[in-house]
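One structure is given here, and the rest of the page talks about it.
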Amino acid sequence: IDENERRYINQNTDAAIIGRTVYGKNTIFGECQVITDYEQINFLKKGKILVAPSTLPKYNHIYRRAKAIVTDEGGALAHAAIFCREFKIPGIIGTKIATQILETGVKVEMDLEKGVVRILE
């Protein structure tokens with residue numbers, strides 16, 4: 001497991017964060033809002049790309065404000081994956097490092113065909 005984790009994390013760079021697309025096609029652009037503390041989740045602004053460690057069902061009504069969702073954790077059956085598919089919100093999950101690399105206000109490109117998030121300069 002440790003070897004697989006190292007290999008996966010080494011695929012990610014500051015320029016390209018790789019995860020798994022759970023919903024959506026093509027490419028979308030937007031501004032990130034990083035939330036790592038659920039006490040701050042109420043401050044998610046409508047139309048932002050939510051970047052979080054994971055999602056919890058009790059905040060579904062808030063996640064619907066997001067233009068898209070990017071998470072550090074998760075697989076095909078994770079809450080974030082199911083939520084994105086159910087509410088048709090583009091999502092890339094399981095990046096391992098998105099909350100460490102992305103910052104609130106940063107503009108990104110989400111390539112939903114490849115499961116890649118890129119920082120725009």
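The values are calculated or read from the model by the stated rules, or taken from the named source; none is laboratory data. If you're wondering where the values come from, they're calculated on a predicted model, not measured in any experiment. Cβ coordinates were reconstructed from backbone atoms using ideal geometry, including for glycine residues, and neighbour counts include every protein chain displayed. Remember, those area values only see protein heavy atoms, side chains included, never the ligands or the DNA or RNA. Shrake-Rupley method; radii C 1.70, N 1.55, O 1.52, S 1.80 Å.
Tabulated data
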| read-out | value |
| --- | --- |
| Residues of region 1-24 classified as part of a loop (DSSP other than H, G, I, E, B) and modelled with pLDDT under 95, total | 5 |
| Lone unmet requirement of (1) open to solvent by less than 10 Å² (accessible area, probe 1.4 Å); (2) in a strand (DSSP E or B); (3) not β-branched (Val, Ile, Thr) for residue 84 | (2) |
| Filter pass, residue 25 being over 13 Å from the mean Cα position of the chain (by Cα) and without any contact (Cβ under 8 Å) to a residue 60 or more places away in the chain | no |
| Scan of region 63-74 for residues that are buried (at least 17 other Cβ atoms within 10 Å of the Cβ) and either out of contact with any Phe, Trp or Tyr (no Cβ under 8 Å at 6 or more places or on another chain) or farther than 13 Å from residue 95 by Cα (or both), ordered by number | 63, 66, 67, 68, 70, 71, 72, 73, 74 |
| Matching residues in region 98-121 - criterion: being within 13 Å of residue 20 (Cα to Cα) and either in contact with a helix residue (DSSP H, G or I) (Cβ under 9 Å, 6 or more places away or on another chain) or among the acidic types (Asp, Glu) (or both) | 111, 113, 117 |
| Near pairs, Cβ below 7 angstrom, 6+ apart or cross-chain, from region 49-62 (closer than 26 Å to residue 120 by Cβ and touching a residue at least 12 places away in the same chain (Cβ under 8 Å)) to any residue that is in a helix (DSSP H, G or I) and polar (S, T, N, Q) | 51/99; 52/99; 53/99; 62/42 |
| Every pair of residues 6+ apart whose Cβ atoms lie under 9 Å, when the first sits in region 100-121 and is within 23 Å of residue 25 (Cβ to Cβ) and open to solvent by 70 Å² or more (accessible area, probe 1.4 Å) while the second is of a type in the set (Ser, Thr, Tyr) and not in a loop (DSSP other than H, G, I, E, B) | 113/21; 113/27; 114/21 |
